[in-house]
Amino acid sequence: EIYTLSLHDALPILASVYFQMTKITGDRSYLDHAMKMYTWTRDTLAGGLFNKKEGLWWRDKDYVPPYKEPDGNDCYWSRGNGWVYAALVRCMNQLPKNDKVYKRLKKDFMLMSTALLKCQREDGFWNPSLTSTNYAMKETSGTALFLYGMAWGINQGYLKAKVYLPACNRALTAMVRVAVHHDG
């Protein structure tokens, strides 16, 4: 049975644990179950929470179209997208690069990377709702998770440093300037 979990529960928390169990035990049924949850959330739940055209995840099943933010844009929750982005990294780290599941997750990682780069603000942060200007505050958790994923992608050779390193530097500078206090 596939449990109905929110985007932030099913993917980042459970999937990476299932992937780790496969690596520890050699039993691929854990990985298969994780991918069943991932695929269901990505492609089936509320018509699929992953917008393949945009490369971003809708906040949850209540925020897919026709829902729109007050400014008319779709609702792509920064923190939720960050959790998925980091989970893709954590899951891929448990697999050999030639595994078909690795290749599938890498494809989504690359789509997200392209989309996220377009959403970064000039000050280095991402908005709480990635494409909406209604919530233009500084969102540290999403920003930190995007920095983590992009840095990993650069280190793996998947993301061009010339393109993504400036985004990483802006994100790190923004968080250090705003989120890290003098007492650490």
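Assorted remarks:
- Test for Gly157: is it buried (at least 22 other Cβ atoms within 10 Å of the Cβ) and either of a type outside the set (A, V, I, L, M) or within 27 Å of Lys68 (Cβ to Cβ) (or both): no
- Meets criteria (of a type outside the set (D, E, K, R) and either touching a residue at least 60 places away in the same chain (Cβ under 8 Å) or farther than 26 Å from Val178 by Cβ (or both)) for Thr140: no
- Hits in the stretch 135-176 - residues which are farther than 18 Å from Arg90 by Cβ, in a loop (DSSP other than H, G, I, E, B) and either at pLDDT below 95 or touching a helix residue (DSSP H, G or I) at 6+ places or on another chain (Cβ under 9 Å) (or both): Tyr135, Ala136, Met137, Lys138, Lys160
- The listed residues are Ala179, Ala151, Ala174, and the only one of them that is without any contact (Cβ under 8 Å) to a residue 24 or more places away in the chain, among the small types (Gly, Ala, Ser) and surrounded by 13 or more Cβ atoms within 10 Å (Cβ to Cβ) turns out to be Ala151.
- Tally of residues being modelled with pLDDT of 85 or more and over 17 Å from the mean Cα position of the chain (by Cα) across the stretch 1-18: 1
- Filtering the stretch 94-112 to residues that are open to solvent by 60 Å² or more (accessible area, probe 1.4 Å) and part of a loop (DSSP other than H, G, I, E, B) leaves Pro96, Lys97, Asn98.
- Residues of the stretch 96-118 that are among the aliphatic types (A, V, I, L, M) and touching a Lys or Arg at 6+ places or on another chain (Cβ under 8 Å): Leu111 alone.
- Search result, residues across the stretch 35-72 that are under 16 Å from the mean Cα position of the chain (by Cα), in a helix (DSSP H, G or I) and surrounded by 17 or more Cβ atoms within 10 Å (Cβ to Cβ): Met35, Met37, Tyr38, Thr41, Arg42
- Look at (1) within 25 Å of Asn169 (Cα to Cα); (2) out of contact with any Gly (no Cβ under 9 Å at 6 or more places or on another chain); (3) small (Gly, Ala, Ser) and you find that Gly72 fails only one, number (1).
- Neighbours by Cβ (under 7 Å, 6+ apart or cross-chain): first from the stretch 117-132, assigned to a loop (DSSP other than H, G, I, E, B); second at pLDDT below 95 and aliphatic (A, V, I, L, M): Asn127/Ala136; Pro128/Met137
- Filter result for Val84 (crowded, with 21+ Cβ neighbours inside 10 Å, touching a residue at least 40 places away in the same chain (Cβ under 8 Å), of a type in the set (Val, Ile, Thr) and under 19 Å from Lys52 (Cα atoms)): yes
The values are calculated or read from the model by the stated rules, or taken from the named source; none is laboratory data. Predicted model, so just to flag it, every value in this text is computed and none were measured. Methodologically, a virtual Cβ is constructed for each residue, glycine included, from the backbone with ideal geometry; neighbour enumeration extends over all protein chains shown. Each accessible area value is taken on the protein alone, full model and side chains, heavy atoms only, with ligands, DNA and RNA left out. Shrake-Rupley method; radii C 1.70, N 1.55, O 1.52, S 1.80 Å.
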